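Report on the structure given below.
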Amino acid sequence: MESHASEVIRLRRSVLYMPGSNKRALDKARTLPADALIMDLEDSVSPEAKNAARENVIAAIKAGGYDHRELVIRMNALHTPWGKEDLIAAATAAADAVLVPKIDDAAELNKVVDLLEINGAPKQLKVWAMAETPRAIININSIARADARLSALVMGTSDLAKTLRIRADSDRSGLRAALSSCVLAARAYGIDILDGVHTDLADSAGFSKSCDQARMLGFDGKTLIHPSQIEVANKAFGVSAEQLAHAAEVIAAWDAAAAQGLGIAILDGQMIEKLHADEARRALALNAAIIRNQRTSQEE
C-alpha cells in the first residue's frame, strides 16, 4: 500500500452550494475560503431561471479565477426538462466534476456517464452522486462502485429526511443508519463522502455539532449553504495542532519500533500498530494539503 506521506489529498472540508442564477454570488465565490464550490442548477434555481443559470455558470467557469477551489456543476435530474441540456453543457465546461441528483441506482449513474462521454467530456471530468432517496440508500454499494469517474458521494439529508418522514432532532438519530451505510460504501470503494447541509443559519451551535458528528461518522467534509459556515467546517474536518503533534509522535514511535524489527510500538501506554501509523501519516498529508491551499489563497 502506498504511504500516506506521499498521498496528495483533494481537500473537501467545506463544499459550498452557489445558486447558478446569482451572478454576484458566483463572483464572490472566487474570494471565499471554501475547498470546493457546487454551482447549482437544481434546487436553488426556479424553473424560470434554469436556462439563464446554466449560462451564468458556464460563463463563470470560463472566466476563471477560482484557483485551487474544486468546481462542481450540479445538474438537474436527467428526466427533467433541463437535465439533458445541463449535462451537455457541463461535459465540456472545464469544471472538475458534475454532481448528479436524484440517483436511485447504478444504471442511472452509468447512463449519465455514457452521455457525458458521448458529449465530449474529458477523461479528467469526475462525477459526484447525490444520496438522497430511499432507493439510493438501499443501492448505495452498487452506486459507489458503478464507474471509475465517480469520486464522491454527497448526502442529500434534507430530501432524504422528508421522504422518510423523519422528525428533525439535533442528533439526526433517524438518519444515522443511512449516513453510516453511505460512509461504509464510500470507504469500500475508495471515494470521498460529504455530509448534507445544515439549513438553520441561526443555529450556529447545531451546525458545529453536525460537523463534529459527521467527522465522527467518517465523512470527509460537509456541504454548506452560506459562507458563514465555511470556517467552522474547515476547522472540524481539518487537523488541530494537538492532532498534528500526536501524529508526529505516533510515526516516530512506529518508525523506531519498525527499525528494530518489531510489529508494535508503545506510546504513552498505548499500543501502536501499522494502522495507527498509516492514519497518522494521512493526518500529515491532510495538513500538507491545507497548507498548500492557504499559500495559494495568500498569493491570490
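The values are calculated or read from the model by the stated rules, or taken from the named source; none is laboratory data. Just so you know, these numbers come straight off a predicted model, no measurement behind them. No Cβ is skipped: glycine too gets one built from the backbone with ideal geometry, and neighbour counts run over all protein chains shown.
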Quick one: which strands (runs of 3 or more DSSP E) lie wholly within region 61-135 and hold at least 1 residues that are small (Gly, Ala, Ser) and closer than 22 Å to Gly190 by Cα? 97-100, 126-131
Within region 245-256, can you find the residues that are hydrophobic (A, V, I, L, M, F, W, C) and either surrounded by fewer than 19 Cβ atoms within 10 Å (Cβ to Cβ) or not assigned by TED's automatic domain parsing to the domain that holds Glu279 (or both)? Ala245, Ala248, Ala252, Ala256
Report whether or not Leu179 is touching a helix residue (DSSP H, G or I) at 6+ places or on another chain (Cβ under 8 Å), buried (at least 19 other Cβ atoms within 10 Å of the Cβ) and assigned by TED's automatic domain parsing to the domain that holds Lys50. yes
Is there a residue in region 182-192 that is outside any helix (DSSP H, G or I), within 14 Å of the chain's Cα centre (by Cα), closer than 26 Å to Lys126 by Cβ and free of Cβ contacts under 8 Å to residues at least 40 places away in the same chain? yes
For Asp159, all conditions in the list (1) surrounded by fewer than 22 Cβ atoms within 10 Å (Cβ to Cβ); (2) farther than 18 Å from Ile38 by Cβ hold save one; what is the number of the exception? (2)
Can you confirm whether region 182-205 contains a residue that is among the aromatic types (Phe, Trp, Tyr) and buried (at least 19 other Cβ atoms within 10 Å of the Cβ)? no
For region 16-40, give me the residue count where each residue is touching a strand residue (DSSP E or B) at 6+ places or on another chain (Cβ under 6 Å) and part of a loop (DSSP other than H, G, I, E, B). 3
Residues of region 108-146 being over 16 Å from Val15 (Cβ atoms), of a type in the set (Asp, Glu) and buried (at least 19 other Cβ atoms within 10 Å of the Cβ), in sequence order, are Glu108
